[in-house]
Amino acid sequence: MSGAAETISVASPADFHVHLRQGELAKVVTPHVRQGGFSLAYVMPNLKPPITNTEQALLYRAQLQAIDPAVEYLMTLYLSPELTPEEIRKAAAAGITGVKSYPRGVTTNSEGGIESYDAYDAVFAAMEETGMVLNLHGEVPSVAETNICVLNAEPAFLPHLRKLHAKFPKLRIVLEHATTRAAVECVKSLGDTVACTITAHHLALTVDDWAGQSWNFCKPVAKYPDDRMALQEVVREGHPRFFLGSDSAPHPFQAKATASPTHACAAGLYTSPVLLPLVAHLLESFGALDKLEGFVSTHGRAFYGRRASASDRRVVLRRVSSKVVGIEGYGAGPTHVVPFWAGKAIGWELVEEREQEA
Ligand SMILES: NC(=O)N[C@@H](CC(=O)O)C(=O)O
C-alpha cells in the first residue's frame, strides 16, 4: 500500500469466495468483480445442478472467461458422494483449486450437501496429496433437540474443523466466512495449513441488523457485537491467515424483498460491485486501513500460492467525502440485483488502475 491519507493503492486484489451464478444472472454479476476492484475470483460451485466434476468446472470457467476474460477465476468442486479420489487427481491436474463443503440444508443450494465428514477421508487424503484446498462452510444444521440454531451453528461446527486438521495436517483448509470470536480463536490455534476468510458485511453487521431486515440476511448470519469485534481485531492485527472472501451472493430483487408465510427471503448479500471501496471504508472505521493490502491481497494470495507479480496491476482508491451506493441496482426482472450498502455512503472510490512500478 502506498500514498498518504487521500489515495491508497493495492496490488491485485483477490476475492477468495464469490458466487458468480449462471445463465443471464452470471452475465450481469460477473463484470462486477472488476468493477469492485478485484482481479481474482475464487468461484463457488453451488449452482443448479452443483459443479461436481472437472468437466463441469472447466466449462463453467470458460463461460465466466467469455463474460470477462480479464479476471483470473479459481474453480472449486462441490463436495458430494460422487466425488472420488480419482476425480480429485483429475481436477488437480486440470488446475481446479479447491473443494467446497456445504453441510446439508444450511444455505442456498445445499440440499446435496454432506452429512458426515468421515465418509470423505479418501477424498481428503487425495486432496492433501495433490495440494487441493478444502473450503468449509462452517455451520452444522439446526437441530431443536440439541439446541442448535443459526446463532450457535458455527461454534458447534468447530470440533469438525479441529478433527479434520488433526487427521490431515498437511491439507490446506479454509474456514469460510467466519462470524464468531470462537471461530477466530480456533483458527488462530491451529497450524499454518488452516486459514479463514472474513466477509465485508460481517465486519459491519450484528444480529440487530438482520432481524427484520431481509437485505442484511445471509448465512452464516451476523452474530453478537463481541463476535464482530473479534473479526475486526484479527483484521487490525494483520494476522496472515485471515483474509477477504466476500461471499458476495447475488439474489434477484424479488427473492430478497419478498417473504411470505410460506417463503423465507433468500440468504445472501451482494457486495461485488462496491467491494474494495466498501472494505476500505469499513477497515478505516475500526482503525485498520493500513492492513487493507494484506487483507484483500497479500494474505490470501500467499495461502493459495498465487502471489501478485511485479507486472500485476495496482488498483487505486481515492478518498471522497461521501459517495452513496445507488438503490436502483443492476439488471432487470429476474436478473435485477441490488447491492449491500445500497442507500448508504462510502468514503472511498476506485480511481484507476496503473502499472505497478517494478
Ligand atoms: N451466503 C449466503 O447466505 N448464501 C450463499 C451460499 C453461502 O455461501 O452460504 C448463496 O449462494 O446465496
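Computed values, structure above
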quantity: Filter result (open to solvent by 10 Å² or more (accessible area, probe 1.4 Å) and more than 13 Å from the ligand (Cβ to nearest atom)) within the stretch 14-31; calculated: Gly23, Glu24, Lys27, Val28, Pro31
quantity: Members of the stretch 232-248 found to be at negative phi and either in contact with a Leu (Cβ under 6 Å, 6 or more places away or on another chain) or away from the ligand (no atom under 16 Å from the Cβ) (or both), listed by number; calculated: Gln232, Glu233, Val234, Val235, Arg236, Glu237, His239, Pro240, Arg241, Phe242, Phe243, Ser246
quantity: Residue in the stretch 287-305 that is aliphatic (A, V, I, L, M), part of a strand (DSSP E or B) and more than 16 Å from the chain's Cα centre (by Cα) present; calculated: no
quantity: Single match in Phe243, Phe295 (criterion: in contact with a Lys or Arg (Cβ under 9 Å, 6 or more places away or on another chain), modelled with pLDDT of 95 or more and farther than 30 Å from Glu24 by Cβ); calculated: Phe243
quantity: Spans of helices (runs of 4 or more DSSP H) in the stretch 200-267 with at least 2 residues open to solvent by less than 40 Å² (accessible area, probe 1.4 Å) and over 24 Å from Val140 (Cβ atoms); calculated: 225-237, 253-257
quantity: Any hit, the stretch 155-173, residues being assigned to a loop (DSSP other than H, G, I, E, B) and on the phi > 0 side of the Ramachandran plot; calculated: no
quantity: Selection count where residues are farther than 20 Å from Leu47 by Cα and either modelled with pLDDT of 95 or more or away from the ligand (no atom under 16 Å from the Cβ) (or both), scope the stretch 95-144; calculated: 19
quantity: Near pairs, Cβ below 7 angstrom, 6+ apart or cross-chain, from the stretch 286-314 (within 20 Å of Val43 (Cα to Cα)) to any residue that is modelled with pLDDT under 95 and surrounded by fewer than 22 Cβ atoms within 10 Å (Cβ to Cβ); calculated: Ser297/Ala308; Arg301/Arg307; Arg301/Ala308
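The values are calculated or read from the model by the stated rules, or taken from the named source; none is laboratory data. All figures in this text were calculated on a predicted structure; none of them were measured in a lab. Please note: Cβ atoms are built from the backbone with ideal geometry, for glycine as well, and neighbour counts cover all protein chains shown. Accessible surface areas use protein heavy atoms only, side chains included; no ligands, DNA or RNA. Shrake-Rupley method; radii C 1.70, N 1.55, O 1.52, S 1.80 Å.
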